[in-house]
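The values are calculated or read from the model by the stated rules, or taken from the named source; none is laboratory data. Small disclaimer: the values here were computed from a predicted structure and weren't measured. So basically every Cβ, Gly included, is an ideal-geometry build from the backbone, and we count neighbours across all protein chains shown. We work out accessible area using only protein heavy atoms, side chains counted, and drop any ligands, DNA or RNA first. Shrake-Rupley method; radii C 1.70, N 1.55, O 1.52, S 1.80 Å.
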Amino acid sequence: MKLSRLISSSCSLICKEIEKYISKENDKLKEELEKAGYLDIAYTLSVAEEIEEKLSKILQGKTDKFILLLNENPNATISEIIDMLPNFNADSSVVNDINLMFKDEFAKSVPKISNTYIQSIDKELELKKMTNRTSDWIESWSEDLSKIMEVTSEEQLSNTLSVALKEGKSVTTVAEELTDSSIVTSAKRARTTAITEMLRANSVSAQEAYIQSPAVSQKRWRHTGARKNNPRSNHVNINGQIVNINEPFELIGADGTAYYPMYPRDTILPPSESVNCHCIHQPIVDKEIIGLSIEEREKLQKNCINDDNKAWKKAQKEQGISEKKKEKNKNNSVDLNYIKSKEFKEKFNGITGNKKVDNRIYSQSKAMLTHRNGTDKEDMCLINSVTGKIEGKQTSSKTDFGVDYNDSLNEAIDNNSEYSLIAVHNHPTNNPPTGSDIISAGGHKYKMGVVVTHDGRVFTYKAGDIPFSENAFAKRVDKYRSSEYNLSESNAILQTLQDFKNTHGIDWSER
């Protein structure tokens, strides 16, 4: 009997063994998290089990459809299956299923867990409604998470076929191997995701409770991992950090990047700082407030909710501000002496490793800055990454803070091979590369992009493996610009670039 048939016939047995293992592991995890100070952890893990079961079925369903595609085309080559993959992914998307599933589970569990945290601080208070901030998190993170998981699933299938092509496997062999391994793979991925997301939801619930609790004005980061479990040293270092309830912590990542999470497992953190993190944040309670009458405390609770809703509304309005300023820019002047200096020229040395191309990028950058000095207009040129030849150019854009793609640029894209062109343009705002720059680089399949700012900075950037929307990038920038983080526009973009480097695989640097 083929192994694939044997696995299929014993699926129920495998699932039972997985359930036994999960049950045993859940008991250990529950004990560990309760000792760490998590509240409502039995309920949290029970919801995680529900998510795990539903998510595993969704993920396995997509894999089963792919196996069916392989079985229906046993005589096809792997290259032919690779060509079928885009249409298959479009027809078998699981984004909506995952989005709705997480939205339902979060909407059910976050209020309940939040109420438990509120009553741990003040037994007489209870959650009557959630803040707009947390309601928005349920909606937006469910959507973002579903898209991330969809892309990951597509990449896994693509990688499977790439390995099969490299090793000379047949379509039938790939189908059998996937049948043999997909049950365990889907279950493992579903479990890791379910636990991570419900611990994240637990942190969101705690933050919601602290915002609503009038006796809480500050919070403390607490590292809870045992040293024998190889804890993240940077999470140990942040242990005991105290900040105001509406302000972020400062966490220096393992890669040296500064992150500003509102709580452990905040969605601004990359997976390397979130997955399997068991840290918590705890309230610092003012006992004098607890001594007030219940009527006074309930009134204060309403005030806390209203104040946070106002702050959130203000943050949402701030998100209407574009990454590239629409108002008149007062900082668009260029220091012409500086861009002629040796210091400025040296920023281009080694930018590609090809001296001829480096010099071309430098000369075009200097020309753009000279041409657009004192204006809000942008020029662009497309340079051949091998020869240094200018393949396309736009120096007559009428739009402020953007490039109008003309025939010269479009023909250059059409007439050159993918990932052979380098896009160079100026930023009158003095901002680093933005989300739209990186999306354009990915969409046009540029080898790399170069941004030169009117204050003389030089940036390089490349698109990553995981796509994102311009709105997702802009929302992250605006979050860092809001009163919670209070970063300048330029620094907010830099922080977002670093976040997306970790989560979406983009590459960037300042020369």
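Listing for the model above:
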read-out: Test set (1) among the small types (Gly, Ala, Ser); (2) under 25 Å from the mean Cα position of the chain (by Cα); (3) surrounded by fewer than 16 Cβ atoms within 10 Å (Cβ to Cβ) - SER92 fails condition number; value: (3)
read-out: Residue in the range 500-511 that is farthest from GLY442 (Cα to Cα), counting only those that are in contact with a strand residue (DSSP E or B) (Cβ under 8 Å, 6 or more places away or on another chain) and open to solvent by 30 Å² or more (accessible area, probe 1.4 Å); value: ARG511
read-out: Residue match in the range 440-454 (condition: closer than 30 Å to GLU247 by Cβ, open to solvent by 10 Å² or more (accessible area, probe 1.4 Å) and either touching a residue at least 40 places away in the same chain (Cβ under 8 Å) or in contact with a helix residue (DSSP H, G or I) (Cβ under 9 Å, 6 or more places away or on another chain) (or both)); value: no
read-out: All positions within the range 258-271 that are surrounded by 16 or more Cβ atoms within 10 Å (Cβ to Cβ) and not hydrophobic (A, V, I, L, M, F, W, C); value: TYR259, TYR260, PRO261, TYR263, PRO264, ARG265, ASP266, THR267, PRO270
read-out: Cβ pairs under 6 Å, 6+ apart, first in the range 234-254 and touching a residue at least 40 places away in the same chain (Cβ under 8 Å), second among the basic types (Lys, Arg) and open to solvent by 20 Å² or more (accessible area, probe 1.4 Å); value: ILE242/ARG220
read-out: Hits in the range 464-503 (condition: without any contact (Cβ under 8 Å) to a residue 60 or more places away in the chain, in contact with a His (Cβ under 9 Å, 6 or more places away or on another chain) and over 17 Å from LEU269 (Cα atoms)); value: GLY464
read-out: Tally of residues being out of contact with any Asp or Glu (no Cβ under 7 Å at 6 or more places or on another chain) and either more than 26 Å from GLU418 (Cβ to Cβ) or not hydrophobic (A, V, I, L, M, F, W, C) (or both) across the range 466-511; value: 28
read-out: Tally, over the range 28-62, of residues that are open to solvent by 40 Å² or more (accessible area, probe 1.4 Å) and part of a helix (DSSP H, G or I); value: 14
read-out: Single match in LYS65, LYS123, LYS129 (criterion: part of a helix (DSSP H, G or I) and either free of Cβ contacts under 8 Å to residues at least 24 places away in the same chain or surrounded by fewer than 19 Cβ atoms within 10 Å (Cβ to Cβ) (or both)); value: LYS65
read-out: From ASN471, ASN502, residue being among the polar types (S, T, N, Q), in contact with a helix residue (DSSP H, G or I) (Cβ under 8 Å, 6 or more places away or on another chain) and part of a helix (DSSP H, G or I); value: ASN502
read-out: Tally, over the range 362-390, of residues that are open to solvent by less than 50 Å² (accessible area, probe 1.4 Å) and in contact with a helix residue (DSSP H, G or I) (Cβ under 7 Å, 6 or more places away or on another chain); value: 9
read-out: Scope the range 376-411; condition touching a residue at least 60 places away in the same chain (Cβ under 8 Å) and of a type in the set (S, T, N, Q); matching residues; value: SER385
read-out: Within the range 474-499, considering residues that are of a type in the set (A, V, I, L, M, F, W, C) and either open to solvent by 60 Å² or more (accessible area, probe 1.4 Å) or assigned to a helix (DSSP H, G or I) (or both), the one modelled with the lowest pLDDT; value: ALA474
read-out: So SER417, is it within 34 Å of the chain's Cα centre (by Cα), open to solvent by less than 20 Å² (accessible area, probe 1.4 Å) and among the polar types (S, T, N, Q); value: no
read-out: Residue check for GLU143: open to solvent by 50 Å² or more (accessible area, probe 1.4 Å), of a type outside the set (Val, Ile, Thr), in a helix (DSSP H, G or I) and touching a Lys or Arg at 6+ places or on another chain (Cβ under 9 Å); value: yes
read-out: Residue match in the range 272-283 (condition: in contact with a Pro (Cβ under 6 Å, 6 or more places away or on another chain), part of a loop (DSSP other than H, G, I, E, B) and either buried (at least 18 other Cβ atoms within 10 Å of the Cβ) or at pLDDT 90 or above (or both)); value: yes
read-out: Only listed residue being open to solvent by less than 50 Å² (accessible area, probe 1.4 Å), at pLDDT 90 or above and either in a helix (DSSP H, G or I) or under 30 Å from THR196 (Cβ atoms) (or both), chosen from PHE348, PHE344; value: PHE344
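Residue-wise test of (1) within 30 Å of ASN75 (Cβ to Cβ); (2) surrounded by fewer than 23 Cβ atoms within 10 Å (Cβ to Cβ).
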position: ALA175; (1), (2): yes, yes
position: ASP180; (1), (2): yes, yes
position: ARG189; (1), (2): no, yes
position: ALA201; (1), (2): no, no
position: ALA206; (1), (2): no, no
position: TYR210; (1), (2): no, no
position: SER213; (1), (2): no, no
position: ARG222; (1), (2): no, yes
